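The values are calculated or read from the model by the stated rules, or taken from the named source; none is laboratory data. This is a predicted model, so every value here is computed, not measured. Virtual Cβ from ideal backbone geometry, glycine too; neighbours counted across all protein chains shown.
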Amino acid sequence: MTQYQYQETTKEDWIMTIIYIAAFVAIIIIGAIFLLPAHGYIWLILFVGSLFLLVRWHTKNFAYRCPKCGHEFEISTLTDFVSPHGLGKGGGWKYLKCPKCNRRSRATVIKKIKK
Ligand SMILES: [Zn+2]
């Protein structure tokens, strides 16, 4: 069914993620300087647009592993957007419901590799 393989995230993946987030923050701040307060709605479109691109990039490049049963799964951009997430000892995690065992837990972030 899936055309992807998964592997552990590396330091490079985290650097890329940080670069993307930094670029997003820069766009929002520079946009705010030039567009606010006169063109608030354009800035809002810019904000939502770049946030969507950022989250979509993350969804396309990363998947998750259930810590309870080991099942590896992908999530939608919307789920990626709304689910709580953070950093722990073992790397990044996201609070998700596993599609296999239906248990909610802090799923480990893993990288998607095209076969
Ligand atoms: Zn599971």
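Listed values, structure above:
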{"read-out": "Residues that are surrounded by 11 or more Cβ atoms within 10 Å (Cβ to Cβ), farther than 14 Å from Glu8 by Cα and away from the ligand (no atom under 16 Å from the Cβ), drawn from segment 83-96", "value": "His85"}
{"read-out": "Count - residues of segment 61-82 that are loosely packed, with under 13 Cβ neighbours inside 10 Å and assigned to a helix (DSSP H, G or I)", "value": "2"}
{"read-out": "Tally of residues being in a helix (DSSP H, G or I) and surrounded by fewer than 15 Cβ atoms within 10 Å (Cβ to Cβ) across segment 29-51", "value": "13"}
{"read-out": "Given (1) in a helix (DSSP H, G or I); (2) loosely packed, with under 14 Cβ neighbours inside 10 Å, index of the condition Pro99 fails", "value": "(1)"}
{"read-out": "Options Thr79, Thr17, Thr108: the member that is within 16 Å of the ligand (Cβ to nearest atom) and touching a residue at least 40 places away in the same chain (Cβ under 8 Å)", "value": "Thr108"}
{"read-out": "Identity of the residue in segment 46-69, among the aromatic types (Phe, Trp, Tyr) and over 19 Å from Gln5 (Cα atoms), that ends up farthest from the ligand (Cβ to nearest atom)", "value": "Phe47"}
{"read-out": "Near pairs, Cβ below 6 angstrom, 6+ apart or cross-chain, from segment 85-101 (at pLDDT below 95) to any residue that is away from the ligand (no atom under 16 Å from the Cβ) and not in a strand (DSSP E or B)", "value": "Gly91/Thr9"}
